[in-house]
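Each remark here refers to the structure printed beneath this line.
Just so you know, all these numbers are worked out from the coordinates, no wet-lab data involved. Computed from a predicted model, the values in this text were never measured in an experiment. Note: ideal-geometry Cβ built from the backbone for every residue, glycine included; neighbour counts use all protein chains shown.
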Amino acid sequence: MIFGIDLQLFIAAVAVALFAGVVKGAVGFALPLILISGLSAFLPAELALAGLIMSTLLLNIAQAFRQGVAAAWGSVRKYRLLIGCVVAAIAASAPLVTVLPDRAMYLLLGVPIAAFTISQLMGRQLILHARQRAPAEVAMGLVGGFFGGIAGVWGPPVIAYLLSFNTDKIEMVRVQGVVFLIGAAMLMLAHLGSGVLNAQTLPFSAALVLPAGLGMWLGFRLQDRLNPDRFRRLTLVVLTIAALNLVRRGLMG
């Protein structure tokens, strides 16, 4: 036993964290999505949620500040409405983590995101006008934050928003880091309060930071070699796979 679970399960958790880190470094997101999907396949849902919190917080610091403090602060100012809605919704929905059935949660998040990404991959690209930015930020921020509080996953709606405005690759990755960092801090505080993150689960969560960080370093090297079109397509493919996996979990339990 290690951190309260069997050794083979811990090794499997490390492998999931490493893979999640590689994807995170390559496309800028999907770390918590892969961790919650992978870990909950063999661990209790609340332990899986606790397991992703520390990696999500610390790795997004590296991503948010990769181009420096000034660039990160510029993203905070530009996307302050989106960030505010994510944070508020995480705080409001975190207490529901022990109430909402897992299957319902997976379907509510997976179905609309899968529909969006598949349509994008089929060539039906949705690009919104600048005048639609504020309503879109509010809507996607609230939706993302709602699912962030109950599942630790607020990336898909935020990514869908950024893709809809055809955001530049470097800015997109940086904005994701900033939004996810602030959301992760809120998530940690919320679940210290809910009891999901406690003296028993915190060491397990901390242990997954190193493999996830190594994976992200490898993923950064891949990201730097991707041209914008390939980056967008890879982002959509990863998002589609993650969303379909959530749908599968919702249908099969």
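So which trypsin sites (Lys or Arg not before Pro) in segment 146-253 end up in coil per DSSP with only 10 or fewer other C-beta atoms within 10 Å?
On the way: sites: Lys169, Arg174, Arg221, Arg225, Arg230, Arg232, Arg233, Arg248, Arg249; in loops: Arg225.
Sparse-neighbourhood loop trypsin sites (Lys or Arg not before Pro): Arg225.
Hey, got the dipole for segment 100-208? About the Cα centre, +1 on K and R Cβ, -1 on D and E Cβ, debye to the nearest 20? Mind dumping the intermediate values first?
Working: 6 positive and 4 negative charges, 41 e Å.
That gives segment 100-208 a dipole magnitude of about 200 debye.
Amide H of Ile2: which non-local residues (sequence gap of 5 or more, or other chain) have their own amide H closer than 5 Å, using H built in the peptide plane?
Correct list: Leu7.
At 7 Å along Cα-to-Cβ for each site, give me the label-to-label distance between Asn227 and Ala45 in nm.
4.4 nm
Assuming R0 = 35 Å, can you tell me the calculated FRET efficiency for the pair Leu202 and Arg131, based on Cβ-Cβ distance, to the nearest 0.05?
With R0 = 35 Å, the Cβ-Cβ based efficiency is 0.20.
Using 12 Å as the cut-off for backbone N distance, which residues of segment 42-58 belong to the label zone defined by a point 7 Å from the Cα of Ala104 along Cα→Cβ?
Taking a point 7 Å out along Cα→Cβ of Ala104, no residue of segment 42-58 has its backbone N under 12 Å.
Please report, to one decimal in angstroms, the Kirkwood hydrodynamic radius of the chain built from all distinct Cα-Cα pairs.
The Cα-based Kirkwood calculation yields 17.8 Å.
Ignoring everything except DSSP H segments at least 4 long, calculate the 222 nm mean residue ellipticity for the chain; use -39,500 (n - 2.57) per segment, divide by total residues, nearest 500.
-25500 deg cm²/dmol
Need the full-extension length gain, Leu96 to Val247, defined as separation in residues times 0.36 nm minus the C-alpha distance. One decimal, nm. Write out the running numbers ahead of the final one.
Working: separation 151, 0.36 × 151 = 54.36 nm, distance 2.00 nm.
Difference between extended and current length: 52.4 nm.
What is the extension gain from Gln8 to Ile170, computed as 0.36 nm multiplied by their sequence separation minus the C-alpha to C-alpha distance, in nm to one decimal?
The Gln8-Ile170 span can extend by a further 54.5 nm.
Calculate, for Arg66 and Leu121, the FRET efficiency according to 1/(1 + (r/R0)^6) with r their C-beta to C-beta distance and R0 25 Å; round to the nearest 0.05. It would help to have the intermediate numbers written out before the result.
Details: r = 27 Å, r/R0 = 1.09.
The value I calculate is 0.35.
Hey, what did segment 7-252 get for relative contact order, percent, Cα under 8 Å, at least 6 apart?
41 percent
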